[in-house]
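First comes the structure, then the notes that go with it.
Each reported figure results from applying straightforward, stated rules to the coordinates on display, with no laboratory input. Just so it is clear, the structure is predicted and the values come from calculations on it, not from any experiment. Neighbour counts are summed over all protein chains in view; Cβ atoms, including those assigned to glycine, are modelled from backbone coordinates with ideal geometry.
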Amino acid sequence: MSRVAVRTMKQVSRWWWVPLWLGLMMAAQPGAEAGLGGPSSLMNKGVGAQPRSGAMLWKIERSGLRPSYVFATIQSEDPRVADIPMEVVQAFRVTDTFAMEMIPDEAALARMSGSMFIKQGPNLKELLGAESFARTAQVMTEFDIPADILAKLNPWVVFTALTMPKTDEGVFLDVILYGAALHEGKPIHGLETADEQVSSFEGIPVADQVTILKAVVDNYDGVARHNERMINSYTRGDYSAIAAMGNNYLGLSNGHASQVLRKHTVDDRNLRMVERMLPRIEEESAFIAVNAVHLPGERGLLHLLEQRGYQVSPVH
């Protein structure tokens, strides 16, 4: 692989998989103090943290079992998001194990980094056409990715990158909690493997990937506003607003492509993740962190847990 390609992989990893890099640093120093949002600050948090008006934390109960908790997260470095409410800290403290969507270890990072580039078939410029590729290259200039390298990236890699909130350190909620679990010596479980997460995106037909990417580029001016609305909804605990935004991904006009995206990256993954949750809930008291878009609706994790006989209730 050329030096340019290696550099690009590192750049792409920074703005897309940066939580993995930070997670690896935490794993290397499980006893380190991590400042705001790090392991010690989470464990020492107390009465200063104020509960939100709505529920992002849900108690999972069934007769004969100790309660477990599902906590909705979002990917944002906004300090309002990192200010973890008191009731979340308390739930984390009283549970035995921690589960997250994917454990950010070296194998996961290698698998995801290796999935970025098109391995066969038309390149991205050929898939998009010259005019659309030029617009895509223009919005990608802020990531310092040369056009010749951009042409080698999978469409789903690019539209995922373009819709992610901008990040400096990658201190997202999942990473904060992962670091805290390492610090406390809690057993850590993944609800998915890196292969499974990658396969969810690779399973989207290329034509739909292209449609989604074009829509994201055409609506790129609205990405920052969408992410800010998501943060605002999250920090005020507006669960219904988050559900509505998850069902209207950046206002994509192509209903079919939007449905395909949701099926592969949310609904199908929910079925897999709920089955991985069951042993954790049955065998021990677990604190489970998943992105907020996976919780609501008839195909959401909360309803799937109810269907399996658990009582699900919000913790305010």
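3J(HN,Hα) couplings calculated from phi for region 173-182 with the Karplus curve 6.51 cos²θ - 1.76 cosθ + 1.60 (θ = phi - 60°) are, in sequence order, 4, 4, 6, 4, 5, 4, x, 5, 5, 4 Hz; Gly and Pro show x. Listed here are the pairs LYS59/LYS166; LYS125/LYS166; LYS166/LYS214; which of them are more than 27 Å apart at the Cα? Beyond 27 Å between Cα atoms: LYS59/LYS166.
Here the Karplus curve 6.51 cos²θ - 1.76 cosθ + 1.60, taken at θ = phi - 60°, turns the phi angles of region 112-128 into couplings of 6, 4, x, 8, 5, 9, 5, 9, 7, x, x, 7, 5, 4, 5, 5, 7 Hz, with x standing for Gly and Pro.
When Lys and Arg each count +1 and Asp and Glu each count -1, what net charge do the other residues less than 10 Å away from THR73, Cβ to Cβ, add up to? Write out the running numbers ahead of the final one.
On the way: positive: none; negative: GLU101, ASP174.
Local net charge: -2.
Using the C-alpha atoms of region 252-307, what convex hull volume per residue, in cubic angstrom, is computed? Could you put the intermediate results ahead of the total?
Details: hull volume 4.3 nm³, N = 56.
So the per-residue Cα hull volume is 77 Å³.
Subtracting the Cα-Cα distance from 0.36 nm times the residue separation, let me have the gained length for GLN138 to LYS166 in nm, one decimal. Separation in residues times 0.36 nm, less the Cα-Cα distance, equals 8.4 nm.
Hey, could you grab the Kirkwood Rh for region 177-316? Inverse mean 1/r over distinct alpha carbon pairs, Å, one decimal. Provide the component values of the computation, followed by the final result.
Values: mean 1/r = 0.0593 Å⁻¹.
Taking the inverse mean of 1/r over all distinct Cα pairs, region 177-316 comes out at 16.9 Å.
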